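Scroll down for the structure; my scribbles are underneath it.
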Amino acid sequence: MLKGLRLYLLVIVMILAIVFLRHDFIHFMKWWLTLFGLGIIFIPTTYIIFKAFETKGYIFSKIIGLAVSGYIVWTFASLRVGQLRFLPFRAWVCYLVLALCLGVNIYISRKFNIHRELVKDRAFLRKIVFQEVLFSFALFYWSFLKGISPAILDLEKYMDFGFMNAILRSDYFPPLDMWFASEPINYYYLGQYFSAYLTRISFVPPEISYNLMIATLFALAFMASYTIGEHLFEVFLQNSKGFEPLKYAKTVCGLLTGALVTLSGSWHTPIYTIFAPDRNPHGRYWFPDATRYIGHNPRVENDQTIHEFPLYSFIVSDLHAHVINVIFVLTVIAIVIAVAIALLKKPNPYFEKFKGCWLGYCMVIFFIGLFPATNYWDFPIYIVVAGVVYFYVNLRIFDYKFKAWAISIAHVLVIIAVSFAVGTLFHLNFIPISTEVLPVPRGTALNQLLVLYGYQALFFAMLIATTIVAYYRFNASSANEHCSQAGDSPLYAPIAEGKRPVFYDFIEKTNPADILVLILFTCAIGLIAIPEFVYVQDIYPTDPRGNTMFKLCFQAFIMLAIGVGYTFTRMFLCKGKKGYYRSRALALSGVLLIGAFMYPFHAIPYGLGTPHFSNYVGLDGISYMRTHREQLTWLTFEQFPEGEEPEGEPHEWPLVYSLRDDYEIVRFINANIEGQPVIAEADFFSYSTFGRVAAKTGLPSVFNWEKHQTLWRNHLKEYVLIGDEYFETYPELEERSNDLRILYTTDDIDIARYIIRKYNISYIMVGELERARYRGEINEYMLRSLGEILIEANSAYLIAVGDIL
């Protein structure tokens, strides 16, 4: 009956999707079926890695399936021998690779009798149905929220969507940069590639798959965290004596951990909504302030920092590197835990143990190897996390001798070498973005760090205190009880003769789940501490440590959230001695968690809109262009004809423009133009609506988003001596921007033809943004003479450059 109820729940979720998603349900269903199919194909692989756990890591089969099959396709499309290319990035190649993966997994299943075991394991089948229900509901829930605010507009959405479209238009990799014609993307694009890969095999249009991918990241992150929480609590129970968990405690641990990773914030929200509402810089609580606090409130010049966390990223919906990589880093954490437990459980010699978990060990290396191409910051972070966990395991196995240090160092060196080799084809086509590690000129006030991470630190302190108490109770027990516990708990090694240092003794006698969570807590605190001492220089010189804090603290938040979910469950959902201390700790913990979960109630309505049936507009991310109107306030005197300069300050010179006509041009290009011919459109600063045609079609344009290009094309930087000081300059970027201005404003057709030949331009876009950018100078008569107008939508038109060139 319970199994049937869970199937009914899955049907109910799909009915809700039909009702709430309406015309988008077909796209949602194709997307869900694609993810479900990936998961089913890779169940045997996941089963072997997570064999020690009740759920067999089912939810990770979707992530592993996406990563492995997508990586194989990417490898085929990236391989080149001279002029010889291998398989293109086409749907038939994707399905050929999936068929190959299916065959390998069938072989694994037959070899290890996995299919028969799964069919007989009714409890496992019930669990995977329950997990699929949770995943489907999370996917539906965030899809519905995205359908309230689907516009691919503002922040870095143009960049992320442009990467996706450029990849989808590419047969071979690296894909062309949509804002730097004839040159490949020189950034960590593999995350957007996986989004494009899902788009290709699901046959969902990219303007819809972009928003479905955001929902997928939310759902997979929730379920991956849920599974990690369950696994950790399972390890705790397997190695504890005298603890009786409350009913469904393991499920609660999973749900709480998943919610903390994906739906919680910091204590910034309760402090600035309840205790200090008058100190909000905007006069009211504004949800981005929780990620722009240090250096912002109070304002500190030249120290504007960023400290995002997953929920904020899901709300603003940039399909950026650090967001896409959330599901992969959670997979690394889960597999590292699985490998550690597998090694500790087996009584065989070390290398015999290793044979049983080699697949998980290799999978950790594979995922870490993806990180330089998905989000480089996570590459060193998770080498350290995996290395510390393996070091703990080796200490236990080799009885705290020097051999444990030697093998642990070997582990780390293997991870670095082999994981770097995984991304060889990316590295060969990637020009490193030159950076420099510098000391931090000023640190953060302690009270601000406590606002952001104080409540998690309290849980860390509670877990430390709890494990210390458990350690002394262990020592206070009789020798017979020690032997009994060692016999009952497969992860407790027999106590060695003689005395060992207290720290090693503590490690030996502490529950492995506690140690693993303490490692996560410690790594997270280390990540928070690093930008208080050093930072990596980037393109924001006035905010030197902003990006360093952003990327490190983002991962710290994930690890802290996992630690908090486990600690709360381990301390308060297991029956034991009840006392005043425990009741007070439970009350404090409850208050802390309530404060952390206040954030979504403020952020979701403001960031996405009120979750109401009537507010749903659809998942199409570019349909907003039909009605979008915006004011430009960036015009300078140089952009006005002589004698027509306006009076007043620049911010008083608004120019209203619409994207309605551009929408028709974009739809025409996507429906009728294949490949990646070059298009010319007006360029401007990053984070603007310029570059809209290239971003929404994937056609490479001559140049756009200047600030981002200075990061991606850092190797083009030159220094010019002016007086006694050197200044950075980017001659090629300036040249491209100037050439665009000349193309749109010259009255010399030969000069225009020269620029067209120089960049191999096939199409020229003329719309309201071009008229605004070159206001008073644009020569439309000359532009029309350069070719044929393919489509004209009111005031906007697209010119196909003629053969007269």
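The values are calculated or read from the model by the stated rules, or taken from the named source; none is laboratory data. Being a predicted model, the structure only gives us computed values, none of them experimental. Note: ideal-geometry Cβ built from the backbone for every residue, glycine included; neighbour counts use all protein chains shown.
Scan the stretch 124-168 residue by residue and report those that are surrounded by fewer than 24 Cβ atoms within 10 Å (Cβ to Cβ) and either in a loop (DSSP other than H, G, I, E, B) or acidic (Asp, Glu) (or both).
Scanning the stretch 124-168 gives 132, 149, 151, 153, 154, 155, 156.
Could you tell me whether any residue of the stretch 308-319 is charged (D, E, K, R), within 15 Å of the chain's Cα centre (by Cα) and either crowded, with 20+ Cβ neighbours inside 10 Å or in a loop (DSSP other than H, G, I, E, B) (or both)?
Looking for residues that are charged (D, E, K, R), within 15 Å of the chain's Cα centre (by Cα) and either crowded, with 20+ Cβ neighbours inside 10 Å or in a loop (DSSP other than H, G, I, E, B) (or both), one finds at least one in the stretch 308-319, hence yes.
Identify all residues within the stretch 171-210 that are assigned to a helix (DSSP H, G or I), of a type outside the set (A, V, I, L, M, F, W, C) and more than 20 Å from residue 671 (Cβ to Cβ); write none if there are none.
191, 192, 193, 195, 197
Looking at (1) of a type in the set (A, V, I, L, M); (2) surrounded by fewer than 15 Cβ atoms within 10 Å (Cβ to Cβ); (3) touching a residue at least 12 places away in the same chain (Cβ under 8 Å); (4) farther than 22 Å from residue 335 by Cα, which is the one condition that is false for residue 119?
The single condition residue 119 does not satisfy is (3).
Being more than 22 Å from residue 14 (Cα to Cα) and either out of contact with any helix residue (DSSP H, G or I) (no Cβ under 8 Å at 6 or more places or on another chain) or small (Gly, Ala, Ser) (or both) is the filter here; which residues of the stretch 52-81 pass it?
52, 57, 65, 67, 69, 70, 77, 78, 80, 81
Take the residues of the stretch 152-166 that are among the charged types (D, E, K, R) and within 17 Å of the chain's Cα centre (by Cα): which is farthest from residue 205 (Cα to Cα)?
156
Looking at 524, 556, 529, can you tell me which residue is surrounded by fewer than 22 Cβ atoms within 10 Å (Cβ to Cβ), on the phi < 0 side of the Ramachandran plot and of a type outside the set (S, T, N, Q)?
Testing whether each residue is surrounded by fewer than 22 Cβ atoms within 10 Å (Cβ to Cβ), on the phi < 0 side of the Ramachandran plot and of a type outside the set (S, T, N, Q) leaves just 529.
Out of (1) buried (at least 21 other Cβ atoms within 10 Å of the Cβ); (2) within 30 Å of residue 73 (Cβ to Cβ); (3) polar (S, T, N, Q), the odd one out for residue 182 is which?
(1)
Among the listed residues 630, 638, 644, 652, which satisfies the condition of being modelled with pLDDT under 85, surrounded by fewer than 18 Cβ atoms within 10 Å (Cβ to Cβ), under 30 Å from the mean Cα position of the chain (by Cα) and of a type outside the set (Ser, Thr, Tyr)?
Residue meeting the stated conditions: 630.
Criterion first (part of a helix (DSSP H, G or I), modelled with pLDDT of 80 or more and of a type in the set (Val, Ile, Thr)) does residue 617 satisfy it?
no
Residue pairs, Cβ under 8 Å, 6 or more apart or interchain, first in the stretch 514-526 and among the acidic types (Asp, Glu), second part of a helix (DSSP H, G or I). List them.
Close Cβ pairs (under 8 Å, with a partner that is part of a helix (DSSP H, G or I)) amount to 514/236; 514/463; 514/466; 514/467; 514/470; 514/570.
Starting from residues that are crowded, with 19+ Cβ neighbours inside 10 Å and touching a Ser or Thr at 6+ places or on another chain (Cβ under 9 Å), keep the ones in the stretch 674-683 and report whichever is nearest to residue 733 (Cα to Cα).
For the stretch 674-683, the residue satisfying everything is 683.
Considering every residue within the stretch 232-245, establish whether at least one is touching a Cys at 6+ places or on another chain (Cβ under 6 Å), closer than 20 Å to residue 563 by Cβ, at pLDDT below 95 and assigned to a helix (DSSP H, G or I).
yes
Kindly provide the set of residues from the stretch 697-711 that are within 29 Å of residue 783 (Cα to Cα) and either touching a Leu at 6+ places or on another chain (Cβ under 8 Å) or surrounded by 14 or more Cβ atoms within 10 Å (Cβ to Cβ) (or both), ordered by number.
697, 698, 699, 700, 701, 702, 703, 704, 705, 706, 708, 709
For the stretch 712-730, enumerate the residues that are out of contact with any Ser or Thr (no Cβ under 9 Å at 6 or more places or on another chain), surrounded by 17 or more Cβ atoms within 10 Å (Cβ to Cβ) and not in a loop (DSSP other than H, G, I, E, B).
Of everything in the stretch 712-730, just one residue is out of contact with any Ser or Thr (no Cβ under 9 Å at 6 or more places or on another chain), surrounded by 17 or more Cβ atoms within 10 Å (Cβ to Cβ) and not in a loop (DSSP other than H, G, I, E, B), namely 712.
If the Cβ limit is 8 Å and pairs must be 6+ apart or interchain, which residue in the stretch 528-549 that is farther than 12 Å from residue 306 by Cβ and at pLDDT 85 or above pairs with which residue that is of a type in the set (Val, Ile, Thr) and assigned to a loop (DSSP other than H, G, I, E, B)?
532/440; 532/444; 533/440; 534/440
Could you grab me the full set of residues in the stretch 722-738 that are touching a strand residue (DSSP E or B) at 6+ places or on another chain (Cβ under 9 Å) and either within 11 Å of residue 702 (Cβ to Cβ) or charged (D, E, K, R) (or both)?
Residue satisfying the conditions is 728 alone.
Before we move on, is residue 172 in contact with a strand residue (DSSP E or B) (Cβ under 9 Å, 6 or more places away or on another chain) and not polar (S, T, N, Q)?
Yes, satisfied.
Among the listed residues 778, 804, which satisfies the condition of being in contact with a Lys or Arg (Cβ under 9 Å, 6 or more places away or on another chain), exposed (fewer than 14 other Cβ atoms within 10 Å of the Cβ) and at pLDDT below 90?
804 is the lone residue from the list that is in contact with a Lys or Arg (Cβ under 9 Å, 6 or more places away or on another chain), exposed (fewer than 14 other Cβ atoms within 10 Å of the Cβ) and at pLDDT below 90.
When you go through (1) surrounded by fewer than 21 Cβ atoms within 10 Å (Cβ to Cβ); (2) out of contact with any Lys or Arg (no Cβ under 8 Å at 6 or more places or on another chain) one by one for residue 79, which number turns out not to apply?
Result: residue 79 passes all but (2).
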